[in-house]
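K.L.:
Would you mind keeping the following structure in view while I ask a few things?
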Ligand code: PMV
């Protein structure tokens with residue numbers, strides 16, 4: 001057997017935007033979250049990752065958008081690959097080549113699509129055939145939110161309390177509700193404090209315990225809003241949940257303030273548009289850029305308003321999309 005010809009696979013996965021946020025872990029090593037979360041997997045935005053295991057490699061190599069990574073990001077990938085090597089019994093080093101069709105550091109969670117694609121490509125290259133639940137558990141260990149990107153459409157990550165009970169599942173397929181995420185970029189510089197570090201400081205906020213205690217209620221409301229396609233209910237709970245996460249961030253030690261003046265201008269514009277009857281709401285991850293969620297028929301009206309605001313650099317539009325999938329492997 002010629003290993004180079006056999007032990008490889010290419011997978012694609014998309015980022016997701018959380019409607020109910022994951023912020024803080026009960027286990028920082030396994031990424032067992034303090035609360036459950038709900039997200040939409042985003043179409044068109046794609047990470048494509050190829051993994052090759054070979055006895056000819058003297059170390060793991062990770063190439064992202066044509067640049068070889070070193071330091072902490074490379075170490076994180078090797079730790080993840082070790083997990084796959086343990087599961088499969090393969091001891092070879094790997095060469096991982098990954099590319100995104102969207103810019104990193106733009107408020108689009110590239111670690112989610114990165115670890116979802118890596119989980120699928122690496123296990124497939126190693127000859128493992130994991131089901132979606134097993135893949136979700138594995139992807140979670142790379143980056144918590146990656147467990148949701150294994151699935152397409154509307155997705156819930158059930159927090160669980162152990163490695164085997166913490167994984168995502170699909171709530172509804174991508175065509176269930178024609179929503180659009182207008183990712184409104186106001187700053188393209190890479191975020192200074194990563195979410196990995198942020199999760200670790202969440203409990204230093206006196207507000208985090210309240211946020212976690214109320215999470216089951218917010219999850220129920222969000223799930224119901226999605227199932228019944230009730231935009232008003234969705235908007236209220238999505239914005240409340242986002243504000244609660246940022247309140248925790250601002251009151252953590254050290255405080256994390258990701259918003260910029262342009263972030264607040266967009267929030268105000270979205271609130272104004274909704275007061276005028278347009279089904280639109282906002283949510284913001286660990287950065288200054290704003291995800292503006294709108295029902296598809298109103299997309300162009302909202303785009304026009306957002307484009308007229310100061311400091312909007314770019315708007316990337318995405319509808320709900322599919323889950324992670326293999327596009328090529330050693331046996332094809
Ligand atoms: O998966 P991580 O460690 O990148 O954390 C994601 C954190 C948020 O994007 C802010 C919220 C979420 O649920 O995606």
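The values are calculated or read from the model by the stated rules, or taken from the named source; none is laboratory data. Just so you know, these numbers come straight off a predicted model, no measurement behind them. Cβ sites come from the backbone with ideal geometry, for glycine too, and all protein chains shown count toward neighbours.
K.L.:
Is there a residue in the stretch 56-72 that is within 16 Å of the ligand (Cβ to nearest atom) and either more than 21 Å from residue 14 (Cβ to Cβ) or in contact with a helix residue (DSSP H, G or I) (Cβ under 9 Å, 6 or more places away or on another chain) (or both)?
P.N.:
yes
K.L.:
Sticking with this structure for a sec: With respect to residue 149, is the statement that it is within 30 Å of residue 297 (Cα to Cα) and crowded, with 24+ Cβ neighbours inside 10 Å true? Before you say what the answer is, go through the steps one by one.
P.N.:
On the way: within 30 Å of residue 297 (Cα to Cα): yes; crowded, with 24+ Cβ neighbours inside 10 Å: yes.
Yes.
K.L.:
Return only the number of the condition from (1) surrounded by 19 or more Cβ atoms within 10 Å (Cβ to Cβ); (2) touching a helix residue (DSSP H, G or I) at 6+ places or on another chain (Cβ under 7 Å) that residue 219 does not satisfy.
P.N.:
For residue 219, the failing item is (2).
K.L.:
For the stretch 224-232, state whether one or more residues are within 16 Å of the ligand (Cβ to nearest atom) and within 18 Å of the chain's Cα centre (by Cα). Steps first, answer last, please.
P.N.:
Here is the first cut: in the stretch 224-232, the residues within 16 Å of the ligand (Cβ to nearest atom) are 226.
In the following step, the residues that additionally are within 18 Å of the chain's Cα centre (by Cα) were identified as none.
No: zero hits.
K.L.:
If I ask for residues that are outside any helix (DSSP H, G or I), within 16 Å of the ligand (Cβ to nearest atom) and in contact (Cβ under 8 Å) with a residue 12 or more places away in the chain, which ones from the stretch 188-211 would you list? Give the derivation first.
P.N.:
Step one: of the stretch 188-211, the residues outside any helix (DSSP H, G or I) are 188-194, 205-207.
This time we only want the ones that are within 16 Å of the ligand (Cβ to nearest atom), so: 190-194, 205, 207.
Those that are outside any helix (DSSP H, G or I), within 16 Å of the ligand (Cβ to nearest atom) and in contact (Cβ under 8 Å) with a residue 12 or more places away in the chain: 190, 191, 193, 194, 205, 207.
K.L.:
Does the stretch 269-293 hold any residues that are modelled with pLDDT of 95 or more, over 17 Å from residue 39 (Cβ atoms) and within 24 Å of the chain's Cα centre (by Cα), and which are they?
P.N.:
Those that are modelled with pLDDT of 95 or more, over 17 Å from residue 39 (Cβ atoms) and within 24 Å of the chain's Cα centre (by Cα): 270, 279, 280.
To keep it simple, each residue is scored yes or no on (1) more than 14 Å from the ligand (Cβ to nearest atom); (2) out of contact with any strand residue (DSSP E or B) (no Cβ under 9 Å at 6 or more places or on another chain).
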site	(1), (2)
261	yes, yes
274	yes, no
277	yes, yes
289	no, no
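K.L.:
Determine whether the stretch 179-199 contains at least one residue that is within 19 Å of residue 73 (Cβ to Cβ) and modelled with pLDDT of 95 or more.
P.N.:
Yes - at least one qualifying residue is present in the stretch 179-199.
K.L.:
Residues that are touching a residue at least 24 places away in the same chain (Cβ under 8 Å): which strands (runs of 3 or more DSSP E) entirely in the stretch 19-74 hold 3 or more of them?
P.N.:
Numbers: elements: 25-27, 37-41, 47-54, 61-64.
In the stretch 19-74, 37-41, 47-54, 61-64 are the strands (runs of 3 or more DSSP E) which contain 3 or more residues that are touching a residue at least 24 places away in the same chain (Cβ under 8 Å).
K.L.:
Could I ask something else about it? So which strands (runs of 3 or more DSSP E) are wholly in the stretch 215-332 and hold at least 2 residues that are more than 25 Å from residue 101 (Cβ to Cβ)? Talk me through it step by step, then tell me what you get.
P.N.:
Values: elements: 280-283, 290-295, 314-318, 325-329.
Ranges flagged: 280-283.
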